[in-house]
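See structure below.
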Amino acid sequence: MELEGYSDEPTCSFSLGLVSEPQIVPEEHPTRTPAPNHEDFGPEDLMDSNPETPPKRRCLLPSESWYRVSLDPSCWQTINFQEIKYGHQSWYHFSSAYAFFKSIIKRSQGNATTVMLPTLCTEEVLRYLASKCPALKALYFPSAIWDNSSFVLPKLICKWKNLELLKLGNSINMVKILEGISLHCKNFCQLDIDSTAYIGRRAAAAIPTLLPNIKYLNLRRANISRTGLKRILRGCKKLVHLDVRDSVGFECDDKLLKLGSHISNFQIFKDDDAYIVGFIGEVEIYAGFEENASET
């Protein structure tokens, strides 16, 4: 591999499978001094200290080659902070978690399209993300956040005009968030709200009112009333996926199944009780009522 700016003199090649630092054959350049430890110089440093000796490139270590590849912004289109085990070791070489977050976002150079936010998602983090990632299409919040991110988010939605998917960690300030999406995100098609979220009367009414063209809606393990669910089923005619499994606040019956018959993937029953019982039109229905379950 050739390094930019160097001439075509004899070179060393490198392999990603090397386990030790490659060495240059001493007979080729008897005047060459021994190479210093790789921690003492950068990839472009010469190993030759004699100015009369023709410049020669050294072989790159695997870690150096991967570092160069990682500088390509296309490697940072999807950034998942949720896989990091948090603690001081996670950002050992940074002054803070925020400095670590900034360094990763900078690498994308505005090309990030999917970001999964960390638990340490502060207002500062969100504002930085909005300013540096205008091409964002999918944004995932963690189940628990330590800051008032839900109250800042509606003010920042306007920065992400290409947003198509949003996963919220709770339903706090949900109506304001959906208002922002309705105004600024014309390609929005998927909303996920984390388990145990309370979908109140206003929030349930806001979904079909503000997102009538939504295609994917995940409310699994949510707390939603029968009235609220019926509003969604009646108002969101373009839904192809609705997941309300293990939710509380309603009992399923034939009326709800009929209202949801236009949804190709309508998941409403508990996993433990589900089995295929047939079709309504072309829709495969999964059912399996608990014994002695009463209708509401």
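Taking the range 188-243 as the range and being surrounded by fewer than 16 Cβ atoms within 10 Å (Cβ to Cβ) and aliphatic (A, V, I, L, M) as the test, only Val240 passes. Evaluation of His184 against the conditions (1) open to solvent by less than 20 Å² (accessible area, probe 1.4 Å); (2) under 20 Å from Leu136 (Cβ atoms); (3) touching a Cys at 6+ places or on another chain (Cβ under 9 Å) shows that the sole unmet condition is (1).
Only a single criterion out of (1) part of a helix (DSSP H, G or I); (2) hydrophobic (A, V, I, L, M, F, W, C); (3) in contact with a Cys (Cβ under 8 Å, 6 or more places away or on another chain) is not satisfied by Val175, namely (3). If you check Ser171, Ser261, Ser225, Ser182 for being under 20 Å from the mean Cα position of the chain (by Cα) and polar (S, T, N, Q), only one passes: Ser171.
Name the single residue that is surrounded by the fewest Cβ atoms within 10 Å (Cβ to Cβ) among those in the range 130-146 being part of a loop (DSSP other than H, G, I, E, B) and of a type in the set (Phe, Trp, Tyr). Within the range 130-146, the match that is surrounded by the fewest Cβ atoms within 10 Å (Cβ to Cβ) is Trp146.
Residue count for the range 156-177, restricted to those that are touching a Leu at 6+ places or on another chain (Cβ under 9 Å), buried (at least 21 other Cβ atoms within 10 Å of the Cβ) and under 17 Å from Leu229 (Cα atoms): 1.
Quick one: in the range 106-129, which of the residues that are at pLDDT 90 or above and part of a loop (DSSP other than H, G, I, E, B) is farthest from the chain's Cα centre (by Cα)? My answer is Gln109.
The values are calculated or read from the model by the stated rules, or taken from the named source; none is laboratory data. None of the values given here were measured: they were computed from a predicted structure. Neighbour counts run over all protein chains shown; Cβ positions are idealised from the backbone, glycine included. Remember, those area values only see protein heavy atoms, side chains included, never the ligands or the DNA or RNA. Shrake-Rupley method; radii C 1.70, N 1.55, O 1.52, S 1.80 Å.
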